[in-house]
1. If you check Lys210 against the conditions, is it in contact with a strand residue (DSSP E or B) (Cβ under 9 Å, 6 or more places away or on another chain), open to solvent by 50 Å² or more (accessible area, probe 1.4 Å), free of Cβ contacts under 8 Å to residues at least 60 places away in the same chain and outside any strand (DSSP E or B)?
2. Only one of these is open to solvent by 40 Å² or more (accessible area, probe 1.4 Å), farther than 19 Å from Pro244 by Cα and of a type in the set (D, E, K, R): Arg193, Arg216. Name it.
3. Evaluate the following for Tyr166: is it under 31 Å from the mean Cα position of the chain (by Cα) and touching a residue at least 12 places away in the same chain (Cβ under 8 Å)?
4. Of all residues being open to solvent by 50 Å² or more (accessible area, probe 1.4 Å) and closer than 23 Å to Lys93 by Cβ in segment 139-154, which is nearest to the chain's Cα centre (by Cα)? Just the residue, please.
5. Looking at segment 219-231, which of the residues that are among the charged types (D, E, K, R) and assigned to a loop (DSSP other than H, G, I, E, B) is most open to solvent (accessible area, probe 1.4 Å)?
6. Go through the residues of segment 112-120 one by one and say whether even a single one is modelled with pLDDT of 90 or more, closer than 21 Å to Val197 by Cα and over 26 Å from the mean Cα position of the chain (by Cα).
7. Restricting attention to segment 232-255, does a residue exist that is more than 25 Å from the chain's Cα centre (by Cα), surrounded by fewer than 15 Cβ atoms within 10 Å (Cβ to Cβ) and either at pLDDT 90 or above or of a type in the set (A, V, I, L, M, F, W, C) (or both)?
8. Scan Arg153, Arg193 and give me the residue that is among the charged types (D, E, K, R) and either touching a residue at least 40 places away in the same chain (Cβ under 8 Å) or not in a helix (DSSP H, G or I) (or both).
Amino acid sequence: MGFLDRAISRGVSNAIGDAVQQAIAPKVERVANKAADELDKAAAAAAEEREAQQKQRASTGMFANLQKSAENYATEMSKNIKICPQCGESSPKEKAFCPHCGAKLPDKTAADGYVCASCGVQNTVGTKFCSGCGEKLPAAIEEEENAKRADERVLGEDWDTYLAPYPKWQNGGSKFDIEEQGDDGGYPAYSFRASGVGRNDLLDYKELLKQNGFTRPPGWSSDEELYKVIDGVSRSVNFSEPFPAEPGELHIWFHVREFKPPEQKKAGGLLGGLFK
């Protein structure tokens, strides 16, 4: 190929190359720009995430420090007070008797209940187990014993006082409470509450009532209410909403009402007229 032929060939090749470049370059640039934008967005998102995590760690640490400071302050303050076992009010540790109800105050302060009996570590007020050895703290043990005594009192003395005609609840649970709900047609009404029970426990109590002579009111087709006439007075137990709050929180009602015998329907027609 001669010089002139090679020159013409290079010119044609360069012309074709320039044309291709002009056609492709804008598309390549757009792709590159899009990729760069996506990288920028990803980098910005990562930066925001890091900043958010840093702020969260900072706020968490600050809250933890504040909480720890509050716990330490409460623990120090509790070294100077006693808690009345009768009314639950606090009093200065120098007091021997509660200024609120007159009951004798314990010898130990509130903080003493959180000193581990095994290793002697002073624990934060409100904790149940020792941070030094894992033993249950005296305050937690005392709280459990008080709760047990309270439940025994409700199912004993309180039940005998307010709900004596009814068979006692004996289906487990805890945190028992009997509360007078006011007047119901001239007679008192009471509610009974218990925690940590289920629907089978409720069915067992219904069976216990039936074994003691309680039955459905006339015309009722369910055990939503059971009653028994005692000394001319109707005493009923209502189960319309036994778990109004959440499962495990039992709430049933005891009513005392004047007993009204169901009316007897008279036979109608000619046959009924014969027996008037």
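The values are calculated or read from the model by the stated rules, or taken from the named source; none is laboratory data. The shown structure was predicted, so the numbers you read here are calculated from the model rather than taken from an experiment. In this analysis, Cβ positions are derived from the backbone assuming ideal geometry, glycine residues included, and neighbour counts consider all displayed protein chains. Side chains included, ligands, DNA and RNA excluded: accessible areas come from the protein's heavy atoms. Shrake-Rupley method; radii C 1.70, N 1.55, O 1.52, S 1.80 Å.
1. It is true that Lys210 is in contact with a strand residue (DSSP E or B) (Cβ under 9 Å, 6 or more places away or on another chain), open to solvent by 50 Å² or more (accessible area, probe 1.4 Å), free of Cβ contacts under 8 Å to residues at least 60 places away in the same chain and outside any strand (DSSP E or B).
2. Only one candidate qualifies: Arg216.
3. yes
4. Across segment 139-154, the extreme among qualifying residues is Glu143.
5. The residue in question is Asp231.
6. There is no residue in segment 112-120 that is modelled with pLDDT of 90 or more, closer than 21 Å to Val197 by Cα and over 26 Å from the mean Cα position of the chain (by Cα).
7. yes
8. Among Arg153, Arg193, only Arg193 is among the charged types (D, E, K, R) and either touching a residue at least 40 places away in the same chain (Cβ under 8 Å) or not in a helix (DSSP H, G or I) (or both).
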